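These notes are about the structure you will find just below.
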Amino acid sequence: MGDKIRARNFVQRNGFPVVPSAIEEDDPATFILRARSIGAPLLVKASAGGGGEGMRIVRDLDTLEQAIAQARSEAQRYFRDGRLYIERYIEKPRHIEVQVLGDCFGNVVHLFERECSVQRRFQKVIEEAPASTLPPGLRERICETAVDICRAANYRNAGTVEFIVDGEEFYFLEMNTRLQVEHPVTEMITGIDIVAEQLYVAAGQELRFSQQDIVSTGHAIEARVYAEAPARDFAPTTGKILVLDYPGGPGLRIDIGISQGQQITTAFDSLLAKVIVHSRTRDGAALKIERAMRGLVLLGCETNASFLERVLAEEQFLSGQVHTGYLDGNPQLAAGESACDLSTFLAAAALLTRPVREVPYPSFTPPWAVGETREPPFRA
């Protein structure tokens with residue numbers, strides 16, 4: 001299931017919905033011809049791809065061969081696997097994914113869905129759970145399909161089944177056979193430690209809960225803080241972290257892998273931290289994460305923090321009417337200033353006047369422990 005081509009073939013053979021596509025290794029000699037027969041726009045994708053690498057949109061079929069060459073070169077460079085496939089590109093769909101857990105006894109459960117439509121260059125920027133404005137019947141069908149796919153594959157692990165949603169229709173996109181960056185929003189709404197459960201089933205144990213034990217409560221949003229310049233087409237940035245501080249409080253979780261004084265280089269992925277919040281409602285979560293972003297102080301390396309603040313306060317985002325083309329359709333959000341404002345400088349000055357200390361790794365208080373939701377569905 002971790003190989004996009006094999007997974008897609010498996011899903012299609014088992015009768016689940018997939019986007020019309022052409023797979024190169026089925027018949028390399030007719031690959032381009034079969035892709036052209038689908039019609040523009042097309043999306044060229046790498047079988048081993050991820051994070052938006054090895055992908056090209058083709059709106060003019062005359063540029064198809066060039067896009068294939070570029071995608072193959074990128075896929076070979078990043079993944080050492082140049083295999084490609086091409087599928088119909090659906091304009092402005094929603095990107096909905098379902099968190100699943102499976103054990104070696106044939107038990108599979110879903111932990112509900114996540115909305116991952118706010119993206120730039122096919123890379124997720126803001127995720128939330130549950131997906132807002134998704135009709136209950138459609139949500140149920142998507143989650144049940146994810147479980148059925150995993151059962152058919154005898155899947156054992158934590159994983160995510162990803163779909164693109166076009167109106168009332170949805171199609172299998174791919175499966176990530178691992179933990180994903182955005183898994184904390186699911187932990188926030190369910191109270192389930194997905195990392196612990198992944199290790200538990202890997203040790204050969206049976207799942208400790210059934211589907212009816214899992215309840216979604218409240219709303220969670222995650223924002224990814226990248227070392228990048230949104231105004232320069234999200235180009236990676238570098239620098240030394242001179243000042244670093246971040247907020248805390250109930251229903252707020254910071255996942256971070258950097259420290260004050262650290263040099264940020266291009267040798268690693270540009271993701272620096274994740275800010276995750278939980279509240280009783282989506283409006284409450286949106287307000288809480290916007291305030292949390294304003295409380296984040298990071299000087300010395302340009303980041304997308306100001307850009308995230310603008311997105312989180314933007315009317316279309318707040319209404320939940322997002323799709324994968326949302327950021328492309330709102331270029332003013334990226335074009336805004338990314339420099340620190342006065343409040344950030346004042347916060348930095350206050351930090352610099354107090355004794356030097358190590359910034360501790362932030363602890364996570366589960367939402368049920370602060371009275372925001374319910375009791376967890378199980379006891380370790």
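The values are calculated or read from the model by the stated rules, or taken from the named source; none is laboratory data. Small disclaimer: the values here were computed from a predicted structure and weren't measured. Cβ sites come from the backbone with ideal geometry, for glycine too, and all protein chains shown count toward neighbours.
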Query raised in the report: Can you find a residue in the stretch 295-310 that is crowded, with 21+ Cβ neighbours inside 10 Å, assigned to a helix (DSSP H, G or I) and in contact with a strand residue (DSSP E or B) (Cβ under 8 Å, 6 or more places away or on another chain)?
Result: yes
Requested in this report: Check the stretch 62-76 and report whether any residue there is touching a Pro at 6+ places or on another chain (Cβ under 9 Å) and not assigned by TED's automatic domain parsing to the domain that holds GLU206.
Outcome: no
Query raised in the report: Scanning for something more than 26 Å from the chain's Cα centre (by Cα) and either farther than 28 Å from VAL147 by Cα or surrounded by fewer than 16 Cβ atoms within 10 Å (Cβ to Cβ) (or both), does the stretch 40-53 turn up at least one residue?
Result: yes
**Report entry** Residue that is surrounded by the most Cβ atoms within 10 Å (Cβ to Cβ), among those in the stretch 232-250 that are of a type in the set (A, V, I, L, M) and part of a loop (DSSP other than H, G, I, E, B)
**Finding:** ILE241
Report summary line: When restricted to PHE163, PHE172, the only residue farther than 27 Å from VAL275 by Cβ, buried (at least 19 other Cβ atoms within 10 Å of the Cβ) and touching a helix residue (DSSP H, G or I) at 6+ places or on another chain (Cβ under 7 Å) is PHE172
Query raised in the report: Quick one: how many residues across the stretch 128-160 are within 19 Å of GLY102 (Cβ to Cβ) and of a type in the set (S, T, N, Q)?
Result: 4
**Report entry** Boolean, TYR326 is at pLDDT below 60 and aromatic (Phe, Trp, Tyr)
**Finding:** no
Query raised in the report: Within the stretch 189-206, can one find any residue that is closer than 28 Å to GLY336 by Cβ and not aliphatic (A, V, I, L, M)?
Result: no
Requested in this report: Can you work out which of the residues in the stretch 54-76 that are more than 14 Å from ILE32 (Cβ to Cβ) and small (Gly, Ala, Ser) is surrounded by the most Cβ atoms within 10 Å (Cβ to Cβ)?
Outcome: GLY54
Report task. Check VAL243, VAL195, VAL225 and return the single one that is in the same structural domain as ASN107 (by TED's automatic domain parsing) and not basic (Lys, Arg). Result -> VAL195
Report summary line: Subset of the stretch 257-277, residues touching a residue at least 24 places away in the same chain (Cβ under 8 Å) and buried (at least 17 other Cβ atoms within 10 Å of the Cβ), comes to GLN260, ILE264, SER270, LEU271, LEU272, ALA273, LYS274, VAL275, ILE276, VAL277
Report task. Count, please, the residues in the stretch 278-291 that happen to be outside any loop (DSSP other than H, G, I, E, B) and over 25 Å from ARG121 (Cβ atoms). Result -> 9
**Report entry** Candidates ALA129, ALA202, ALA158, ALA196, filtered to the one that is surrounded by fewer than 19 Cβ atoms within 10 Å (Cβ to Cβ), in contact with a Lys or Arg (Cβ under 9 Å, 6 or more places away or on another chain) and touching a residue at least 24 places away in the same chain (Cβ under 8 Å)
**Finding:** ALA202
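Would you check if there is a residue in the stretch 111-134 being among the aromatic types (Phe, Trp, Tyr), touching a Ser or Thr at 6+ places or on another chain (Cβ under 7 Å) and outside any loop (DSSP other than H, G, I, E, B)?
Scanning the stretch 111-134 turns up at least one residue that is among the aromatic types (Phe, Trp, Tyr), touching a Ser or Thr at 6+ places or on another chain (Cβ under 7 Å) and outside any loop (DSSP other than H, G, I, E, B).
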Report summary line: Among LEU84, LEU61, LEU111, the single one that is within 19 Å of the chain's Cα centre (by Cα) and among the aliphatic types (A, V, I, L, M) is LEU111
